[in-house]
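Undergrad: Starting off with a structure, shown below.
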Amino acid sequence: MKRLMATNHRLPTLSALALLILVAISTGAQQDSDATRIEAVPVADGIFMLTGAGGNIGLSVGDDAAFVIDDQFAPLTKKILAAIAEKTDRQVRFVINTHWHGDHTGGNENMGQAGAIIVAHENVRKRMSTEQFIEAFDTRVPPSPAAALPVVTFADSITFHWNGDDIRVFHVGPAHTDGDSVIHFQKANVIHAGDTFFNGLYPFIDSSSGGSIDGMIAAAELVLAIADERTKIIPGHGPLCQKAQLQASYDMLVVARDRIRKLMDEGNTRDEVIAAKPTADLDEEWGGGFLQADVWVGIVFDGLATK
C-alpha cells in the first residue's frame, strides 16, 4: 500500500476506499472477512442482491438451483454461501462473472470447488488467464489460478432457462472493460448491470482493459432501452435502484464527457482540464464515493486521449 501511494503520482486524491479495492483487485490482497457482513436485499420473488465487500452479488433461487452473479473475494466465500443457504437448500449451480476484476471474481476458485460452473464473456477468461496492467493505477495484476477461470464462455450472449425465468446474459461491448456482461431476468423484470453502472458514484473506467466513457454511455443506453419504470436494477456498486437512477447516471456521463472533450479539443493539457473543474456542479452528488472528482476527470481524459 505504501509503495503504491508513493509511486502513483497520477492519482494523488484517490480515496481510501478506492485504494483498498485497487489493492484487492491488483494484488489478490483480501478484505478483512471477519469484519464483513453479507446482507441479502430482496429484489423480486426469488431474487436477491447480496452486499458485502466488492461488487454487488446477484442471487436467484428456485426449483432448480442457486444462480449467482459475481462472488466478491475468496475469504468471503463461506459467508456468501451461508447467506445463500438462508434462502435455499439447493447448491450454487452457476456463477456468472460480469467482468474480470478481482472484487467480482475473487471467489471463483472456491465456488468452482464447491460445484459451481463459472460462466463469463470470452474476454474475461482471456484477461484472467494472463497478466494485466491497470494503467490508471500503474499496477500489474498477476494471472488467476486455473481453477478460478470461467469454464464456459460466450461471444455475444447466452440464455439460462432457470428457476422459472429466462435469464439472458449479454455482452455490451467495451464499457467498464472489454468483457462486460449485463444479466436480464426477463420474467422477473430485474437487471444486473455489473460495473457498467455505479449507482450514485463516478464510475471507474478501466481503459487499459478496453473500457471507455463512450462505452459506458452506450451500455447505459442498452439497459435503459430494455428497462421500464418497474424494473429493478442491481448496479455493480451502490444501492439497488430503478430506471430513474440509471438515467441520472447516464445524463451525468454524457454531460461530463462532452465538457471534458470540449476542453481537450481546445488544446488543454490533462492538468489544465483537471484544473478547469469541468464537473464542479456534479461533484457533490457523484464525487463522494469510489473516485474523487479530479481523479475521475483524469481517468476520463486518459480514455478519450487514446481514441
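The values are calculated or read from the model by the stated rules, or taken from the named source; none is laboratory data. Fair warning: this is a prediction, and the values are worked out from it, not measured in the lab. Heads up, the Cβs are rebuilt from the backbone with ideal geometry, glycines too, and the neighbour counts pull from every protein chain shown.
Undergrad: Quick test of your reading of the structure: Met128 fulfils all but one of (1) in contact (Cβ under 8 Å) with a residue 60 or more places away in the chain; (2) buried (at least 24 other Cβ atoms within 10 Å of the Cβ); (3) within 30 Å of Ala305 (Cβ to Cβ). Name the failing condition by number.
TA: It is condition (1) that Met128 fails.
Undergrad: Restricting the search to segment 238-258, which residues are closer than 24 Å to Asp294 by Cβ, in contact with a helix residue (DSSP H, G or I) (Cβ under 9 Å, 6 or more places away or on another chain) and not aromatic (Phe, Trp, Tyr)? Let's see the steps before the verdict.
TA: At the first step, the residues of segment 238-258 found to be closer than 24 Å to Asp294 by Cβ are 238, 248-258.
Narrowing the set further to residues that are in contact with a helix residue (DSSP H, G or I) (Cβ under 9 Å, 6 or more places away or on another chain) leaves 238, 248-250, 252-254, 256-257.
Gly238, Ala248, Ser249, Met252, Leu253, Val254, Ala256, Arg257 - these are the residues of segment 238-258 that are closer than 24 Å to Asp294 by Cβ, in contact with a helix residue (DSSP H, G or I) (Cβ under 9 Å, 6 or more places away or on another chain) and not aromatic (Phe, Trp, Tyr).
Undergrad: Next up: Say we look at segment 155-179 and pick out the residues that are in contact with a Gly (Cβ under 7 Å, 6 or more places away or on another chain) and more than 13 Å from Leu222 (Cα to Cα); which of these is surrounded by the most Cβ atoms within 10 Å (Cβ to Cβ)?
TA: Of segment 155-179, the ones in contact with a Gly (Cβ under 7 Å, 6 or more places away or on another chain) are 163-164, 173-178.
Adding the requirement that they be more than 13 Å from Leu222 (Cα to Cα) leaves 163-164, 176-178.
Numbers: Asn163: 23, Gly164: 13, His176: 29, Thr177: 27, Asp178: 21.
Per the stated criteria, the residue is His176.
Undergrad: For segment 180-222, name all the residues that are assigned to a helix (DSSP H, G or I) and surrounded by fewer than 22 Cβ atoms within 10 Å (Cβ to Cβ). Step through it out loud before you land on a result.
TA: Looking only at segment 180-222, we keep the residues that are assigned to a helix (DSSP H, G or I), and these are 207-209, 213-222.
Hits for segment 180-222 are Ser208, Asp214, Ile217, Ala218, Glu221, Leu222.
Undergrad: Restricting attention to segment 55-108, and to residues there that are of a type in the set (S, T, N, Q) and surrounded by 24 or more Cβ atoms within 10 Å (Cβ to Cβ), which single residue is farthest from Ala193 (Cα to Cα)?
TA: If we filter segment 55-108 for residues that are of a type in the set (S, T, N, Q), which is where we start, we get 56, 60, 72, 77, 88, 91, 97-98, 105, 108.
Retained after the next criterion (residues that are surrounded by 24 or more Cβ atoms within 10 Å (Cβ to Cβ)): 56, 60, 72, 97-98, 105, 108.
Details: Asn56: 10, Ser60: 15, Gln72: 15, Asn97: 11, Thr98: 8, Thr105: 15, Asn108: 19 Å.
Across segment 55-108, the extreme among qualifying residues is Asn108.
Undergrad: A follow-up question, please. Give segment 223-254 a look and list any residue that's surrounded by fewer than 20 Cβ atoms within 10 Å (Cβ to Cβ) and among the charged types (D, E, K, R), or say none.
TA: Asp228, Glu229, Arg230, Lys243, Asp251
Undergrad: Among the residues of segment 259-299, what is the count of those that are touching a helix residue (DSSP H, G or I) at 6+ places or on another chain (Cβ under 6 Å) and hydroxyl-bearing (Ser, Thr, Tyr)?
TA: Residues in segment 259-299 being touching a helix residue (DSSP H, G or I) at 6+ places or on another chain (Cβ under 6 Å) and hydroxyl-bearing (Ser, Thr, Tyr): 1 in total.
Undergrad: Say whether the condition of being assigned to a helix (DSSP H, G or I) and touching a strand residue (DSSP E or B) at 6+ places or on another chain (Cβ under 8 Å) is met by at least one residue in segment 49-63. Show your work before the answer.
TA: Narrowing segment 49-63 to residues assigned to a helix (DSSP H, G or I): none.
Taking every residue of segment 49-63 in turn, none turns out to be assigned to a helix (DSSP H, G or I) and touching a strand residue (DSSP E or B) at 6+ places or on another chain (Cβ under 8 Å).
Undergrad: Kindly check whether there is at least one residue in segment 223-232 that is closer than 28 Å to Asn123 by Cβ, in contact with a strand residue (DSSP E or B) (Cβ under 8 Å, 6 or more places away or on another chain), of a type in the set (Val, Ile, Thr) and in a loop (DSSP other than H, G, I, E, B).
TA: First pass over segment 223-232, keeping only residues closer than 28 Å to Asn123 by Cβ: 223-227, 231-232.
Filter once more, so that each one left must be in contact with a strand residue (DSSP E or B) (Cβ under 8 Å, 6 or more places away or on another chain): 223, 226-227, 231-232.
Keeping just the survivors that are of a type in the set (Val, Ile, Thr) gives 223, 226, 231.
Within this subset, residues satisfying the condition of being in a loop (DSSP other than H, G, I, E, B) are 231.
Checking segment 223-232: at least one residue is closer than 28 Å to Asn123 by Cβ, in contact with a strand residue (DSSP E or B) (Cβ under 8 Å, 6 or more places away or on another chain), of a type in the set (Val, Ile, Thr) and in a loop (DSSP other than H, G, I, E, B).
Undergrad: Looking at segment 262-273, I want the residues that are without any contact (Cβ under 8 Å) to a residue 24 or more places away in the chain and have a partner that is part of a loop (DSSP other than H, G, I, E, B) with Cβ atoms under 9 Å, at least 6 apart or on another chain. Which pairs are those?
TA: Here the result reads Lys262/Pro278; Leu263/Ala276; Leu263/Pro278; Asn268/Ala276, each pair linking segment 262-273 to a residue that is part of a loop (DSSP other than H, G, I, E, B).
Undergrad: I've got another one for you. Ala29 is checked against (1) at pLDDT 95 or above; (2) outside any helix (DSSP H, G or I); (3) surrounded by fewer than 21 Cβ atoms within 10 Å (Cβ to Cβ); (4) small (Gly, Ala, Ser) and fails just one. What number does that condition carry?
TA: For Ala29, the failing item is (1).
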